[in-house]
1. Can you find, within segment 393-403, the residue that is surrounded by the fewest Cβ atoms within 10 Å (Cβ to Cβ) among those that are in a helix (DSSP H, G or I) and touching a residue at least 24 places away in the same chain (Cβ under 8 Å)?
2. Kindly establish whether Ala61 is surrounded by 15 or more Cβ atoms within 10 Å (Cβ to Cβ), outside any helix (DSSP H, G or I), at pLDDT below 90 and more than 25 Å from the chain's Cα centre (by Cα).
3. May I ask you to list the residues in segment 250-267 that are under 22 Å from the mean Cα position of the chain (by Cα) and open to solvent by 30 Å² or more (accessible area, probe 1.4 Å)?
4. Quick check: anything in segment 478-493 exposed (fewer than 12 other Cβ atoms within 10 Å of the Cβ), modelled with pLDDT of 85 or more, part of a loop (DSSP other than H, G, I, E, B) and over 36 Å from the mean Cα position of the chain (by Cα)?
5. Under the condition of being modelled with pLDDT under 90 and over 22 Å from Arg189 (Cβ atoms), which residue from segment 139-156 is most open to solvent (accessible area, probe 1.4 Å)?
6. Would you confirm whether any residue within segment 195-215 is part of a helix (DSSP H, G or I), at negative phi and modelled with pLDDT of 85 or more?
7. Which of the residues spanning segment 359-416 are among the polar types (S, T, N, Q) and under 16 Å from Lys436 (Cβ atoms)?
8. In this structure, does Ile475 turn out to be free of Cβ contacts under 8 Å to residues at least 40 places away in the same chain, over 30 Å from Arg365 (Cα atoms) and in a helix (DSSP H, G or I)?
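The values are calculated or read from the model by the stated rules, or taken from the named source; none is laboratory data. Quick caveat, the model's predicted, so the values are computed rather than measured. Cβ coordinates were reconstructed from backbone atoms using ideal geometry, including for glycine residues, and neighbour counts include every protein chain displayed. Just the protein is used for accessible areas: all its heavy atoms, side chains included, with ligands, DNA and RNA removed. Shrake-Rupley method; radii C 1.70, N 1.55, O 1.52, S 1.80 Å.
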Amino acid sequence: MNLPSRLRHLRRLLAAAPLPTLGATNSPNPPSFRLLHPTGTLPPRFHVPVVPARRLFSDHAILPTHLQEERFASISDRIYEAVIKTEAEPNEVTEAALDALGAELTTPLVADVLHRLRYEEKLAFRFFAWASHQDGYSHEPATYNDIIDILSGTRYKSRQFGVLCGVLDHMKRHGTRSVPVEDLLAILRAYTEKHLTHMRKLAKKRRVRMRTPPETDALNVLLDAFCKCGMVKEAEAVFGRVRRKLLGNAETYSMLFFGWCRARDPKKAMKVLEEMIQMKHTPESFTYIAAIDSFCSAGLVSEARELFEFMRTEGSTISSPPPRWMCLVGKLDAAYRVLEEMGKAGFPPDIVTYNCFLKVLCSLRKADDALELCERMIEAHCEPSVHTYNMLMVMFFEMGEAHRALDIWLEMDRRGCKRAIDTYEIMIDGLFDCGKTEEASALLDEVINRDMKLSYKKFDAIMLRLSAVGNLGAIHRLSEHMRRFYNVAMSRRFAITQKKKSIELIQRVVDVCQHTLLE
């Protein structure tokens, strides 16, 4: 059969009436609109297609995929918020907040939370440690790899958490939740031989006898990592396990002491301090100062006072944090009394102490108290420094009182204090902000005549100010003046570097936004 005849045969088949069916028998409807089901009979039941399900949370409750994804995202959000909100609190508070959620952990859920905490390595490790103690869950090797990558993402992190990463790697390879003491000592020994040999070489070069074995330095790195993550109890437990075979030094006890201070537990901190003294380790002045700083910042002023008294009786050098933090918490009279007691005890406050005190007053914009402190400085025969006058001028410009800033400028002449380039930069910026462009330009001419070198960032900012007011003459003079101090090629390289940094920052923000939208 040739092609034309095949086409004619196909047309006849299409034009022919359809075969009678059960739905078309005795039906008044035309064949093209026949009923799908016979009259009087029910249609077959429509079955909903089975939606694939994934077991993310429980073996007893299986939800459809889209509901599981919504529940997964909700629990991940709640865990992330609980960890972030308790960032400044001790680890016990974070664990209590996570326990209150009652979330049933799975490997995908833990991986998602760790990914969201990848830029907060300390919080990520807190969550990782809490998850490892939950019933019905154990970390997979991939989860160990994730936390190790987070803790060693940069060179600084790898130095800070290097020993901790070695411990986690050992736990991953052996499938255990703890490390035996002998294995821990081997990890410390290997880390010391690889990264801390320079400390022993320096001691040998200076002929200093080290009373502790080399592994103690690696132990201090490990304890420091725990304490910085707010896990002081875990750090103390690790030290308790190895102290029979590995002696600690003064740095070891100082880390534990400062860790309890940051955790706002003065009793345990003082217990560590007493044990430190019993072991004949002399606490450094920085240890006391850091502890007082932490107590005062947490509002524990009475505890800070007791530690300050203990510090005085031990004969340590007193420095600036006690009056500074008393001023910050609003106890000005107590801060003044501390300054007086320092003088009576034979430790008169110096310019650094007064400037730390003044910095807090200026940040709180307490102008009268700041000026009163300056008068006390002069009465105590402590001459104000350039930094003192600079802080006062910045405070008055921020308060919108340019005339008082000018009085401080003139006071420098009366007191015979030589102005630095920072002083000129502060005054020029303040005059531009107040709209006094002529005075600012005149002061800029003085900088040029004195052959003073502006910082590059300040030079760029002043050029923008002059461009805004259209002072082409000042732009030309300042450009010619600064050409002698800065290389054009180096300036171009600086501009390119700043541009690259801004592009990287923008890209990082875009990545975070995309990740947030995808979640």
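1. Among residues in segment 393-403 that are in a helix (DSSP H, G or I) and touching a residue at least 24 places away in the same chain (Cβ under 8 Å), the one surrounded by the fewest Cβ atoms within 10 Å (Cβ to Cβ) is Glu398.
2. no
3. Result: Met255, Phe258, Arg262, Arg264.
4. Scanning segment 478-493 turns up no residue that is exposed (fewer than 12 other Cβ atoms within 10 Å of the Cβ), modelled with pLDDT of 85 or more, part of a loop (DSSP other than H, G, I, E, B) and over 36 Å from the mean Cα position of the chain (by Cα).
5. Of everything passing the filter in segment 139-156, Arg155 is most open to solvent (accessible area, probe 1.4 Å).
6. no
7. Once the filter is applied, which keeps residues that are among the polar types (S, T, N, Q) and under 16 Å from Lys436 (Cβ atoms), segment 359-416 yields nothing.
8. yes
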